[in-house]
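The block underneath contains the structure these notes are about, expressed in structure tokens.
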Amino acid sequence: MLRGLYTAAAGLTTQQRRHDTVTNNIANLNTPGYKQANEVTRSFPDMLLALTGTSDNSDRKIGRVSTGVFAEESLSLQLQGDLMESGRSSDFGLSSDIEVPGIQFDASGKAFDANGEPIYQPQAFFTVEGTDGQPRYTRDGRFDLNAQGYLTTSEGTRVLGTNGQPIQFQQGVSIDDLVLTSDYRFVDALTGNDTGNALQLTRINNPNMLVREGNGKFRLEGDASEAVPVTAADGVEIRQGYYERSNVDAAQSTVDLMSAMRAYEANQKVVQFYDKSLDKAVNEVGRV
């Protein structure tokens with residue numbers, strides 16, 4: 001009897017995590033560069049049931065039974081969001097639709113090779129400096145210049161250039177005095193002179209290797225060779241005066257939220273049923 005109670009309790013925990021993930025997506029619906037998170041669930045390993053104590057002293061297999069479900073991980077949907085015009089020179093919208101020869105990706109950015117192995121569409125990211133000095137990746141292109149002339153994100157994180165160092169301009173330079181060229185170089189808006197600074201865009205070949213850290217930043221977990229500089233052949237474009245909107249699907253998130261609530265309520269009723277059954281077994285059957 002208790003196996004069913006534990007299974008329902010596992011379902012409660014899983015649906016709670018799913019609910020939390022969806023509500024976080026909805027809360028970040030208007031956060032520039034935010035990438036929708038999807039909860040991945042799976043069942044615990046099945047158990048093989050067998051009947052023991054038979055007359056011929058042999059076990060008779062009954063079948064397999066699942067012991068519940070759990071939320072295995074949360075994956076970010078690394079797909080392009082819409083570009084919104086802001087009119088601010090400090091906003092940079094990144095448009096990435098990197099193609100892989102011979103591969104046709106579906107709407108979720110996933111495909112399969114000839115051997116049936118999954119392949120994910122590479123994505124481009126701005127490269128910023130983490131608190132540990134290691135690179136982090138973001139799609140939030142709302143930049144600004146601080147008092148020292150460093151190009152920073154809206155959270156104050158320094159943006160890295162093609163030399164791997166934080167981009168720094170001469171003090172007194174305004175972001176409105178700078179224009180970003182098609183090859184990601186900053187030039188003077190009046191003279192067209194090269195400032196010697198260029199944005200470092202990084203191509204992540206498998207975006208599912210990215211781990212969300214908060215404030216729109218990701219770190220690469222695993223093989224460092226998955227991160228390579230963006231080349232002209234990738235066709236990645238940056239539009240100044242624009243920013244990338246969140247790629248959260250509001251309608252689907254609403255449906256997922258209601259589905260998680262209904263599943264949670266169903267598991268809750270199962271727990272209540274077992275509670276009543278145990279109560280009867282202890283207080284009524286036990287007296288007989």
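The values are calculated or read from the model by the stated rules, or taken from the named source; none is laboratory data. Only a predicted model underlies this, so the values are computations on that prediction, with no experimental measurement involved. When we count neighbours, we look across all protein chains shown, and the Cβ atoms used for this are built from the backbone with ideal geometry, even at glycine. Surface areas here come from the heavy atoms of the whole protein model, side chains and all, with no ligands, DNA or RNA. Shrake-Rupley method; radii C 1.70, N 1.55, O 1.52, S 1.80 Å.
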Quiz item: ³J(HN,Hα) across the range 75-83 via Karplus (A = 6.51, B = -1.76, C = 1.60, θ = phi - 60°), whole Hz, x for Gly/Pro?
Solution: 9, 8, 8, 8, 10, 5, x, 5, 8
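For the chain, what number of Lys pairs, 8 or more residues apart or on separate chains, have alpha-carbon atoms under 28 Å from each other?
Eligible lysine pairs with Cα atoms under 28 Å apart amount to 4.
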Practice problem: Give the angle, between 0 and 90 degrees and rounded to the nearest 10, that separates the Cα long axis of helix 2-27 from the longest principal axis of the Cα atoms of the chain. | Solution: 20
Quiz item: What is the spin-label model distance, in nm, from Thr181 to Thr13 if the labels are put 7 Å beyond Cα along the C-beta direction?
Solution: 5.6
Practice problem: Order the following by accessible area, largest value first: Arg136, Arg142, Arg17. Probe radius 1.4 Å; ligands, DNA and RNA are ignored. | Solution: Arg17, Arg142, Arg136
Practice problem: Go through the range 149-154 residue by residue and turn each phi into a ³J(HN,Hα) via Karplus (6.51, -1.76, 1.60, θ = phi - 60°); whole Hz please, and just put x for glycine and proline. | Solution: x, 7, 7, 10, 7, 5
Exercise. Using a Gaussian network model of the chain whose springs link C-alpha atoms within less than 10 Å, name the residue from Ser43, Ser253, Ser95 with the highest mean-square fluctuation.
Key: Ser43
Self-check item: Projected label distance in nm at Asp97 and Val228, using a 7 Å step from Cα toward the beta-carbon
Solution: 2.2
Self-check item: Sum of -39500 (n - 2.57) over DSSP H runs of 4+, divided by residues of the chain (222 nm, nearest 500)
Solution: -7500 deg cm²/dmol
Practice problem: Please compute P(r) over all alpha-carbon pairs of the chain, binned at 5 Å starting from zero, and give each bin as a whole-number percent. | Solution: 1, 5, 9, 12, 13, 12, 10, 8, 6, 5, 5, 4, 3, 2, 2, 1, 1, 0, 0, 0
Quiz item: If you stretched the chain out fully between Gln104 and Gln268, how much longer would it get, using 0.36 nm times the residue separation minus the C-alpha to C-alpha distance?
Solution: 54.7 nm
Self-check item: Amide H within-cut-off set for Arg136, under 5 Å, with H built and near neighbours excluded
Solution: Val128, Glu129, Gly130
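Pop the C-beta distance of Val211 and Thr191 into the FRET formula with R0 = 35 Å and round what comes out to the nearest 0.05. Let's see the in-between values first.
Values: r = 42 Å, r/R0 = 1.21.
Rounded to the nearest 0.05, the efficiency is 0.25.
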Quiz item: Can you list the residues of the range 241-273 with backbone N under 18 Å from a point 7 Å past the Cα of Glu85, pointing along Cα to Cβ?
Solution: 241-245
Exercise. Tabulate in residue order the Karplus-calculated ³J(HN,Hα) for the range 212-222, using 6.51 cos²θ - 1.76 cosθ + 1.60 with θ = phi - 60°, rounded to whole Hz; enter x for Gly and Pro.
Key: 5, 10, x, 6, x, 9, 10, 10, 8, 9, x
Quiz item: Once you have the alpha carbon radius of gyration of the range 125-283, what is it after dividing by 2.2 N^0.38 Å, with N set to its residue count?
Solution: 1.57
